[in-house]
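All of the numbers you see were taken from the coordinates with simple rules; none came from a lab. All of these numbers come straight from a predicted model, not from anything done at the bench. Note that each Cβ is placed from the backbone with ideal geometry, even for glycine, and that neighbours are counted across all protein chains shown.
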Amino acid sequence: MNFISTRGGAPRASFAEVLLAGLAPDGGLYLPESWPQFSPDEIAAFKGLAWNEAAFRVLSRFTDGSFAEAELREAIAAAYAGFDARPRPQGWRQNTPPARDIVPLVEIGKGQYLLELFHGPTLAFKDIALQILGQLFARALARRGGRATVVAATSGDTGSAAIAALGGLPNIDVFVMHPKGRVSDVQRLQMTTSAHANVHNIALEGSFDDAQSIVKALFADADFARDVSLTAVNSINFARIAAQSVYYFTAAAALGVPVTFVVPTGNFGDVFAGEAAMRMGLPIQKLVIATNANDILVRALNEGVYAPGPSHATLSPSMDIQVASNFERALFEASGRDADWTAAAMADFARTRRLALPSAVLQSLRDRYSAFAFDDAATLATIAAVKSETGRILDPHTAVAAAAGRLIGPRLAEAGTGAAVILATAHPAKFPDAVAKATGAPPPVPPRLAALKTLPERMEILPANAVLIKRFISSRLTP
Ligand SMILES: *Cc1c(COP(=O)(O)O)cnc(C)c1O
């Protein structure tokens, strides 16, 4: 399988090249040259399948030519060995748990299901993509030779998932910068208690935006970037999209009815994985984009103009994003894969911070997506309502999607046209303050988090200064 750039100015690349590069050299995002196709029989066969086998059936279509079958299977097994949705007796071993044990599907009301994606090592859905990305990354790197330095800025979830995925892997050093004092205690501990020598935490004396501009400055210093083999594992990496498309297949096949997926959305990576599944042949009725007060995507879909508004700090911080990088992929597809138009539109947008969507592009987006925004009050009310009706506690990101799913699901069920599947992206214990505000009590702490408080923390407190950060990175690289 070969990959092309949404801006049409990059040479075709293999899966391994796309994995190691992240962004295409013309500034565009990689997509497969053509989407792999699954027949209705192949799709029905996902029902009841072992998770690892489902992941293999989807990922192998993309990795073909870059990874041998046995190598991919081994990477998948290593990636998902640390997921445990079901409490298991001590010493219990099952090499091939069914998908429902990795990403459980739970009915919470008429026509409404939760798809729980938070049973990995850091209790957020980012583990599902980053764990396999880490495994494949290490293998691709071993073949290419040399080392790589991964640098990430995080407002919380990405940093811990990257550390859990890359900690202890050979030939990789990982540096994660978080804004000092501005992540939750749980999020900080998940990062700073890693015992792996190749993990380096920086508590930056500055904001998340400062951290992000420093990462950009590091990449912009071509000599430094080359000397340390700088690379990124953020959500524009196509390997993450491919890995996330797997649970759309397993959930739709498990229900066997037309499904509307409701996706708590920030950078548009997760919901675009749904579009990827659709383009591979999976029958999905609609993809519902659910956002918090940062509603640029809702305005784009409803009004036809993509333009960032003021940035709001909300109870669902991982979705406090104005410009959603992965939206470029949806625009490219909606334009009929017109790379010239996409490149011009993105250049225009970078200059004017405003993009009026042509009516054909808008129509194509509306055929596939609808969008809703909910504020913090609605988020809290949804957490409270679901708790009192079902006993289940939602995290604030999931609650944003559930607010939409609770409106849509019953209508679908009554019309006999399927069900709404709400993607549950984080464990409530990661956001105890929001849960306490909604329900009057913090959620119970799962064993994975309880243990963190007893471990020693390692982090370096540094000023928000790119020169000092570069010096720190060079001094800590594994020789
Ligand atoms: C990252 C994240 C999201 C948003 O996902 P995107 O792929 O960026 O749209 C939603 N919920 C949680 C808990 C997250 O960590």
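Simple spin-label estimate for residue 144 and residue 222 gives 1.8 nm between the two label positions (7 Å along the Cα-to-Cβ direction from each Cα).
One Cα centroid belongs to the stretch 175-231, the other to the stretch 5-50; the line between them spans 28 Å.
With the Cα gyration tensor of the stretch 212-304 giving a ≥ b ≥ c as the square roots of its eigenvalues, does the rule (a/c under 1.5 for rounded; else a/b larger than b/c for prolate; else oblate) give rounded, prolate or oblate?
On the way: a/c = 3.59, a/b = 1.74, b/c = 2.06.
Oblate, since a/c reaches 1.5 and b/c is not below a/b.
Filter the chain for me: DSSP H helices, axial length by Cα at least 20 angstrom, mean Kyte-Doolittle hydropathy not below -0.5. List them by residue number. Before the final figure, lay out the partial values.
Values: long enough: 126-144 (26 Å, 0.31); 238-255 (27 Å, 1.03); 376-390 (21 Å, 0.51); 396-415 (29 Å, 0.42).
The qualifying helices are 126-144, 238-255, 376-390, 396-415.
Rounded to the nearest 0.05, what FRET efficiency do residue 78 and residue 34 have when you use their Cβ-Cβ distance and R0 = 35 Å?
Numbers: r = 30 Å, r/R0 = 0.85.
About 0.75, to the nearest 0.05.
Pull out the extension gain between residue 407 and residue 351, defined as 0.36 nm times the separation in residues minus the alpha carbon to alpha carbon distance; nm, one decimal. If you can, show how the numbers build up before the last one.
Values: separation 56, 0.36 × 56 = 20.16 nm, distance 3.82 nm.
The residue 407-residue 351 span can extend by a further 16.3 nm.
Extending 7 Å from Cα along the Cβ direction at residue 433 and again at residue 344 yields two label points whose distance is 4.7 nm.
What is the calculated FRET efficiency for residue 476 to residue 86, with r their C-beta to C-beta distance and R₀ = 51 Å, to the nearest 0.05? Each step should come with its number before you reach the end.
Details: r = 39 Å, r/R0 = 0.77.
Efficiency, from the Cβ-Cβ distance: 0.85.
Inverting the pair-averaged 1/r between distinct Cα atoms of the stretch 77-204 gives 16.0 Å as its Kirkwood hydrodynamic radius. Which chymotrypsin sites (Phe, Trp or Tyr not before Pro) does the stretch 319-350 hold that lie in a coil by DSSP with at most 11 other beta carbons within 10 Å? Those that pass, being in a loop and sparsely packed, number zero.
If R0 is taken as 41 Å, the Cβ-Cβ distance between residue 457 and residue 363 corresponds to a FRET efficiency of 0.20. The alpha carbon convex hull volume per residue for the chain rounds to 143 Å³.
For the stretch 343-479, the calculated P(r) over all alpha carbon pairs, in 10 Å bins from 0 to the bin holding the longest distance, is 9, 22, 20, 25, 19, 4, 0 percent.
So how do 427, 119 line up by other beta-carbon neighbours within 10 Å, fewest first? Before the final figure, lay out the partial values.
On the way: 427 26, 119 23.
Listing 427, 119 from fewest to most nearby Cβ atoms yields 119, 427.
Between residue 305 and residue 257, the distance separating the two model label sites (each 7 Å from Cα on the Cα→Cβ line) works out to 4.0 nm.
Suppose a student asked you for the relative contact order of the chain, using Cα pairs under 8 Å spaced at least 6 residues apart; what percent would you report?
Values: 949 pairs, mean separation 90.1, N = 479.
With pairs under 8 Å counted, the relative contact order is 19 percent.
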